[in-house]
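*Asks:* Questions regarding the structure given below will be posed in turn.
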Amino acid sequence: MTTMSREEAARRIDELVQLIEYHNYRYHVLDDPEISDAEFDQLMRELQALEAAYPDLRRPDSPTQRVGGPPLPDFPKVRHDPPMLSLDNAFGTDELRDFDRRVRSLVADRIGDAPLEYVCELKIDGFSISLRYENGIFVQGATRGDGYEGEDVTENLKTVGSIPLRLRPVDGRVPSVLEVRGEVYMPIKAFEALNERQQLEGKKLFANPRNAAAGSVRVKDPKVTASRKLDSFIYHLVRADGLPPVRTHWESLELLAALGFKVNPHRRLCRGIEEVIAWTAEWQEKRWELPYEIDGLVVKVNDLALREVMGFTSRAPRWAVAYKFPPEERETRVVAITVEVGRTGKVTPTAELEPVRLAGTVVRRATLHNEDYIRAKDVRIGDVVVVRKAGEIIPEVVRVVKEKRQGDLPVWTMPETCPVCGTPLVRPEGEADYRCPNIACPAQTFRQILHFASRDAMNIEGLGEALVQALLDEGLIRDAADLYTLRKEQLVQLERMGPKSAENLLNAIERSKQNPLHRLIFALGIRNVGERAARVLAERFGSIDALARATEEELTAIEGIGPTIAQNVVAYFQSPRNQELLAKLRAAGVRMADEPKPQEAEGPKPLAGMTVVVTGTLQSWSRKEIEELIERLGGRAAGSVSRKTSFVLVGESPGSKLEKARELGVPILTEQEFKERFGLS
């Protein structure tokens with residue numbers, strides 16, 4: 001290789017680029033590799049060596065660009081034209097038939113009584129993207145954002161192996177400009193491996209593959225994206241300048257596949273809505289056989305000319321609908337009932353189950369909430385029970401299959417003492433939960449420290465369960481305040497804690513000292529004081545000292561603070577143990593008060609008197625940031641929709657609150673409309 005002339009190197013680079021892209025296509029798109037990983041790696045190493053020797057010959061579509069470049073600055077914005085709209089949902093076959101009646105009525109003069117053709121596709125539970133190519137070369141990739149404006153994540157998307165850097169010619173041609181849309185997703189095995197790494201490193205686990213994919217696309221370092229094993233499916237052709245036009249959606253999917261995109265093979269062309277319904281029933285069970293998660297099916301009118309007639313609403317096409325699967329239920333057996341102690345001493349019984357695959361994951365445990373719940377459902381060890389995931393996330397026991405009960409199984413009773421510290425459990429009058437009253441209980445201390453460091457509290461990144469337990473076991477901390485006394489030489493002695501990890505943790509701990517007051521109040525773990533109540537208390541009192549002096553009467557006079565919260569706040573600050581914790585936090589330099597707000601800097605209050613509900617993921621703000629903004633602008637951020645709601649702010653993947661708003665006729669604003677109406681652009 002070192003004896004190659006520049007001309008020979010240029011020819012070989014061209015050969016290698018084409019060869020590597022061919023094998024990438026076989027591996028990532030067709031799932032049919034022709035060479036081994038070792039042979040592929042050898043080709044890549046040869047290309048890297050030639051590009052290092054002749055940097056000016058490195059092509060923009062070189063496969064070496066997939067491995068990740070330098071960290072990115074803040075993502076530039078990308079305007080979507082046309083917008084990337086959401087889909088209306090259908091729950092059940094009756095709503096699918098309603099959809100069919102609606103779309104048929106829009107084109108009745110063209111089709112008469114003939115059934116419509118629909119294309120059915122799997123609804124990938126991933127992260128929406130838009131890709132742009134010029135003269136066959138990938139030039140821009142963007143997130144969906146609010147549908148009107150997204151983020152430029154081109155460098156990150158270049159690392160996704162199934163996204164072609166260069167298009168394959170169709171009839172000897174590539175489009176001069178091509179724009180397509182699809183989903184980036186994380187396969188289930190890659191998700192499980194990622195969470196294993198996160199746990200080993202003491203980092204926060206991802207809730208599901210969709211969140212992991214979204215987080216991986218939007219990180220600042222493309223090398224991180226490259227390490228996450230993301231994949232993609234492309235499902236929508238926006239434009240293909242220079243190629244013959246297609247007449248149907250099915251033809252567009254065939255064209256996308258020919259151009260080199262990964263198009264989901266599980267799709268069907270259906271004649272009439274009854275064929276669609278039959279296909280949904282088929283996938284109700286088959287979905288768990290897939291190596292990735294889906295949350296439903298998408299049904300689209302096939303004829304593109306008819307789509308033009310049907311048009312769009314303000315947020316969704318009239319010619320498509322997302323069919324959502326009902327929650328899956330499975331039978332399994334209860335092999336034991338254990339109890340766990342939380343940070344406030346609450347003791348929660350949990351059903352230990354024979355492993356069962358449910359909603360795409362293996363479930364081994366399910367919450368039983370409290371003793372009354374167990375009594376009402378008559379759950380006993382050895383019973384066959386029906387379990388499901390509440391909201392497809394939290395496993396729960398739905399009912400006991402009593403006809404399968406074998407023999408006279410004993411009734412389960414709550415243990416008399418704490419399983420961790422041995423203190424007798426108590427059940428306060430009027431409450432459903434048993435509690436461990438020992439505030440020095442190791443289980444409570446462990447959970448309190450985890451809560452203190454959590455993202456919505458003091459946000460100490462890198463302080464996961466394994467590390468907290470190790471710090472407690474080694475006697476390096478006794479409570480959350482001791483985190484601020486940790487030293488690097490102590491941390492590097494812990495298993496899997498190197499110098500760099502120790503520095504990162506100490507930096508995160510130091511940064512947390514400057515958090516606003518509401519984060520500290522929430523982090524203290526006062527019973528019943530959630531994030532919303534913590535903000536209200538911080539706004540009203542301005543400092544820990546003022547809050548500590550507050551009486552129950554003063555607290556209950558505040559809107560949103562009821563007698564239970566008031567009693568718990570007063571009790572918290574009267575506890576000598578908690579007073580000691582606060583003194584240690586103060587001595588460590590943790591910020592105990594918010595800066596007073598100058599009257600002249602208060603600014604306009606365009607949301608004064610308004611109640612706003614947020615649903616879905618916003619592009620410009622996290623959930624906490626948008627709630628704080630709403631309150632700064634004079635409004636109230638509510639958690640549920642009612643007739644008193646002023647408007648609902650809708651982001652990506654909205655939940656049931658959107659449907660409720662429609663039912664009640666509550667105004668709905670997209671993120672872009674919200675910005676424009678209230679001068680936030």
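Values quoted throughout were computed directly from the atomic coordinates according to the rules given, and no laboratory measurement underlies them. Remember, predicted model here, so these are calculated numbers, not experimental data. Every residue, glycine as well, gets a Cβ built from its backbone with ideal geometry; the counts of neighbours run over all protein chains shown.
*Asks:* Work out the length of the dipole vector of region 98-324 about its Cα centre, built from +1 on the beta-carbon of each Lys and Arg and -1 on the beta-carbon of each Asp and Glu, and round it to the nearest 20 debye.
*Replies:* With only Lys, Arg, Asp and Glu charged at Cβ, the dipole is about 420 debye.
*Asks:* Tell me which residues come under 5 Å, amide H to amide H, from LYS346 once H is placed; ignore anything under 5 positions away on its chain.
*Replies:* CYS436
*Asks:* Still on this structure: For the chain, just the Cα set please: Rg and Dmax, both in angstrom.
*Replies:* According to the Cα coordinates of the chain, Rg and Dmax are 28.6, 87 Å.
*Asks:* Additional query: Along the charge dipole of the chain, pointing to its positive end and built from +1/-1 on Cβ of Lys, Arg, Asp and Glu, which listed residue (LEU255, PRO317, LEU649) has its Cα farthest out?
*Replies:* Positive-most Cα among the choices belongs to LEU649.
*Asks:* Using the basic label-point model (7 angstrom from Cα toward the beta carbon), what is the ARG268 to ALA193 distance in nanometres?
*Replies:* 3.3 nm
*Asks:* Suppose we look only past 20 Å in the calculated P(r) of region 82-171. What percent of the Cα-Cα pairs does that tail hold?
*Replies:* Within region 82-171, distances greater than 20 Å cover 58 percent of Cα pairs.
*Asks:* Among SER454, VAL219, VAL398, whose Cα lies farthest out toward the positive end of the dipole of the chain, if unit charges sit on the beta carbon of Lys, Arg (+1) and Asp, Glu (-1)?
*Replies:* Going by the charge dipole, the pick is SER454.
*Asks:* Follow-up. What does the helix-only formula give at 222 nm for the chain: each DSSP H stretch with n ≥ 4 adding -39500 (n - 2.57), the total divided by the residues, and the result rounded to the nearest 500 deg cm²/dmol?
*Replies:* -10500 deg cm²/dmol
*Asks:* Skipping prolines and chain starts, which residues have an amide H placed within reach, meaning under 5 Å, of the one on GLY296, given they are 5 or more residues away or on another chain?
*Replies:* Placed amide hydrogens put LYS123, PHE325 under 5 Å from GLY296.
*Asks:* When you count, for each residue, the other Cβ atoms within 10 Å and take the mean per peptide, how do 441-451, 330-340 rank with the highest first?
*Replies:* Taking the mean over residues of other Cβ atoms within 10 Å, the ranking is 441-451, 330-340.
*Asks:* Around ARG399, which amide H atoms from residues at least 5 apart in sequence, or from another chain, sit under 5 Å from its own amide H, with H modelled in the peptide plane?
*Replies:* For ARG399, the qualifying residues are VAL386.
*Asks:* Across region 155-164, in residue order, what do the Karplus-derived ³J(HN,Hα) couplings come to in whole Hz, using 6.51 cos²θ - 1.76 cosθ + 1.60 with θ = phi - 60° and x for Gly and Pro?
*Replies:* Here the 3J(HN,Hα) series is 4, 5, 5, 4, 7, 7, x, 7, 8, x Hz.
*Asks:* On to the next question. Quick one: Debye curve from the alpha-carbon atoms of region 625-665 only, equal weights, vacuum; give me log10 I(q)/I(0) at q = 0.27, 0.28, 0.29 Å⁻¹ to two decimals.
*Replies:* Values, matching the q order: -1.02, -1.06, -1.10.
*Asks:* Report relative contact order for region 517-587 in percent, whole number only (criteria: Cα-Cα under 8 Å, sequence separation at least 6).
*Replies:* Relative contact order of region 517-587: 28 percent.
*Asks:* Roughly how big is region 329-434's charge dipole about its Cα centre, with Cβ charges of +1 (Lys, Arg) and -1 (Asp, Glu), in debye to the nearest 20?
*Replies:* The calculated dipole for region 329-434 is roughly 380 debye.
*Asks:* Further, regarding this structure: Once you keep just the Cα pairs under 8 angstrom separated by 6 or more residues, what percentage relative contact order results for the chain?
*Replies:* Result for the chain is 10 percent.
*Asks:* Further question: Check cross-link reach from LYS286 to the lysines: straight Cα distance under 28 Å, and skip same-chain residues fewer than eight apart.
*Replies:* Within the straight-line limit of under 28 Å, LYS286 reaches these lysines: LYS123, LYS189, LYS229, LYS262, LYS300, LYS324, LYS389, LYS404.
*Asks:* Then there is this: Using a Debye calculation, one point per C-alpha and no hydration shell, please list log10 I(q)/I(0) for region 517-587 at q = 0.16, 0.17, 0.25, 0.28 Å⁻¹ in order.
*Replies:* -0.47, -0.53, -1.23, -1.57
*Asks:* Suppose every Lys and Arg Cβ carries +1 and every Asp and Glu Cβ carries -1, with no other charges. What dipole size does the chain come out with about its Cα centre, to the nearest 20 debye?
*Replies:* The calculation lands at about 800 debye.
*Asks:* Do you know the relative contact order of region 329-434, to the nearest whole percent, from alpha carbon pairs under 8 angstrom that are 6+ apart?
*Replies:* So the answer I get is 25 percent.
*Asks:* Just to check I understand the Karplus step: with θ = phi - 60° and J = 6.51 cos²θ - 1.76 cosθ + 1.60, what whole-Hz values come out for region 635-652, glycine and proline as x?
*Replies:* Whole-Hz 3J(HN,Hα) from phi for region 635-652: x, 10, 8, 9, x, 9, 8, 9, 5, 8, 5, 6, 6, 10, 8, 10, x, 6.
*Asks:* Under 27 Å Cα-Cα from LYS675, which lysines qualify once same-chain neighbours fewer than 8 residues away are excluded?
*Replies:* Output for LYS675: LYS77, LYS220, LYS597, LYS605, LYS624, LYS644, LYS657, LYS660.
*Asks:* Under a Cβ-Cβ limit of 4.7 Å, which cysteines in the chain have nobody to pair with?
*Replies:* CYS120, CYS270
*Asks:* Pop out the ³J(HN,Hα) list for region 237-253 in order, Karplus 6.51 cos²θ - 1.76 cosθ + 1.60 with θ = phi - 60°, rounded to Hz; leave Gly and Pro as x.
*Replies:* 3J(HN,Hα) across region 237-253, in whole Hz: 9, 8, 7, 8, 5, x, 10, x, x, 9, 9, 9, 5, 4, 4, 5, 5.
*Asks:* What share of all Cα pairs of region 442-512, in percent, falls into each consecutive 10 Å distance bin?
*Replies:* Per 10 Å bin, starting at 0, the Cα pair percentages come out as 21, 61, 18.
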